[in-house]
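Below you'll find the structure, written out as structure tokens, and then a few comments.
Every number here is computed from the coordinates shown, using simple stated rules; none is lab data. Since the structure is predicted, the reported quantities are computational estimates derived from the model, not experimental observations. Don't worry about glycine lacking a Cβ; one is built from the backbone with ideal geometry, like all the others, and counts go over all protein chains shown.
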Amino acid sequence: MSEPVLYHTDGCHLCEQAAKLLAQLGQPFVWVDIVDSPDLVERYGVRIPVVQRSDGAELGWPFELAELERFLEDS
């Protein structure tokens with residue numbers, strides 16, 4: 001299983017909170033800054049942070065630790 005992706009942008013305090021939750025779970029993840037791609041800005045601009053599993057399923061903010069854990073276990 002590949003690592004989940006955290007779609008974010010710099011200066012996003014909610015994205016930092018999402019990253020802390022992933023860290024609390026000991027879950028490695030890949031940071032993808034949406035500002036690097038116009039397509040990602042269009043897709044996620046108002047929805048970040050978003051965690052995407054390797055199967056393509058996405059969990060958008062807001063989420064708490066337990067919900068994130070269940071989401072990652074379902075992959």
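Can you compute the charge dipole magnitude of the chain about its Cα centre, using +1 on each Lys and Arg Cβ and -1 on each Asp and Glu Cβ, nothing else charged? Give it in debye, rounded to the nearest 20.
Once rounded to the nearest 20, the dipole reads 100 debye.
Hey, what did the range 9-75 get for relative contact order, percent, Cα under 8 Å, at least 6 apart? Kindly include the intermediate steps, with their values, before the conclusion.
On the way: 48 pairs, mean separation 19.9, N = 67.
Here the relative contact order equals 30 percent.
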